[in-house]
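Take a look at the structure below.
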Amino acid sequence: MLAALAASTLLVSGCGATTGDASDSAPPPGANPALHAALPDSIKEAGVIRFAGDSHPPYRTVGADGSITGIDADFQEALGRVLGVRIETSVVDSLPAALQGMLAGRYDAFNGPVKVTAERERQFDTVTWMTTRTSYVVPAGAPTPIGSTDDLCGRRVAVITASVVEEQLRGLSAYCERTGRGAVESIGLADTNATLLAAQAGRAEAAGMTQAAAIDVTTQQQGSYTYVTQTEEQGATADKLALFVPKDGGLGPAMQDAFEELFRDGTYQQIMQEWGLTDVTVPAPEYNAGTAP
């Protein structure tokens, strides 16, 4: 892949920190001067953007040695390159920890996947860079056959708490009730690994996750899992997923511009194709897509 991040706090860009007056310092070689100049002074002075990242394959896969690989690692390296700053990533245990950590000033950004909503945009600026649909991963040979999402009616599904999938599962459950087949019981857990373990142990019949994550799980562990995908009739939508930054930090416009550069120079398309995610790309990054103009 384009990059492998190291340890739970790590530096993925080769660009060095700026020194002296941030407004006068030249960007590192290879950076886009206009993008670097648009960064908040605090970021330029520090020479680093601090990301939060939870374990969420294939976006972020945390190795036994603490190394991080995945889509997020590749995009962070690319963002650091064009902005002319280093990227540090701290591993957190959940989405709420990432969002609250940003509001507390511990992190500058979180690359999701997080659904864009008007409520969240009261506190965060967002840059939409992909869409998603929800899938449900089932252990091969499970005692309860799951051939389609209809078979999940009246069953238990493990999902990540406060995730876009948890919301989508409510739509599936409502569909099940409307068709007289019983609501789906949602089991909220901390991360993707926990949801898979719940399905393996029989605590749930399936693990809910984004379509991209389901593709990754079934590809990496061939023969161990199958998956089914929720339909629009069952309440599924193609949700917008985005990078989040706190509104009061002023980093949002610079991140939007950086993503626009990655679209222009082909990096965005390269990363998405490499990870097999061409069906969830967007034609252009969208700034604060959840807030009506």
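The values are calculated or read from the model by the stated rules, or taken from the named source; none is laboratory data. From a predicted model like this one, the values you see are computed outputs, not experimental measurements. Note that we place each Cβ from the backbone using ideal geometry, even for glycine, and neighbour counts take in every protein chain shown.
Selection of region 279-293 for residues being closer than 10 Å to Ala212 by Cα and over 15 Å from the mean Cα position of the chain (by Cα) yields only Asp279.
Any chance you could count how many residues in region 124-146 are exposed (fewer than 14 other Cβ atoms within 10 Å of the Cβ) and either assigned by TED's automatic domain parsing to the domain that holds Val282 or in contact with a strand residue (DSSP E or B) (Cβ under 7 Å, 6 or more places away or on another chain) (or both)?
Let us first name the residues in region 124-146 that are exposed (fewer than 14 other Cβ atoms within 10 Å of the Cβ), namely 140-141, 143-145.
Restricting the remaining residues to those that are either assigned by TED's automatic domain parsing to the domain that holds Val282 or in contact with a strand residue (DSSP E or B) (Cβ under 7 Å, 6 or more places away or on another chain) (or both) gives 140.
Total meeting the criteria: 1.
In this structure, Thr179 does not satisfy being under 30 Å from Glu286 (Cα atoms), out of contact with any helix residue (DSSP H, G or I) (no Cβ under 6 Å at 6 or more places or on another chain), surrounded by fewer than 20 Cβ atoms within 10 Å (Cβ to Cβ) and not acidic (Asp, Glu).
Among the residues of region 253-286, the ones that are of a type in the set (Gly, Ala, Ser) and not in a helix (DSSP H, G or I) come to 3 in all.
I need the full set of residues from region 83-115 which are surrounded by fewer than 24 Cβ atoms within 10 Å (Cβ to Cβ), in contact with a Leu (Cβ under 9 Å, 6 or more places away or on another chain) and either β-branched (Val, Ile, Thr) or free of Cβ contacts under 8 Å to residues at least 12 places away in the same chain (or both), in order please. Of everything in region 83-115, just one residue is surrounded by fewer than 24 Cβ atoms within 10 Å (Cβ to Cβ), in contact with a Leu (Cβ under 9 Å, 6 or more places away or on another chain) and either β-branched (Val, Ile, Thr) or free of Cβ contacts under 8 Å to residues at least 12 places away in the same chain (or both), namely Val114. Residue count for region 60-83 under the criterion of being of a type outside the set (A, V, I, L, M, F, W, C), assigned to a loop (DSSP other than H, G, I, E, B) and out of contact with any strand residue (DSSP E or B) (no Cβ under 6 Å at 6 or more places or on another chain): the result is 4. Residues that are assigned by TED's automatic domain parsing to the domain that holds Glu274, among the polar types (S, T, N, Q) and crowded, with 22+ Cβ neighbours inside 10 Å are absent from region 19-39. Residue count for region 120-141, restricted to those that are farther than 30 Å from Leu251 by Cα, of a type in the set (A, V, I, L, M) and either part of a strand (DSSP E or B) or out of contact with any Ser or Thr (no Cβ under 9 Å at 6 or more places or on another chain) (or both): 2.
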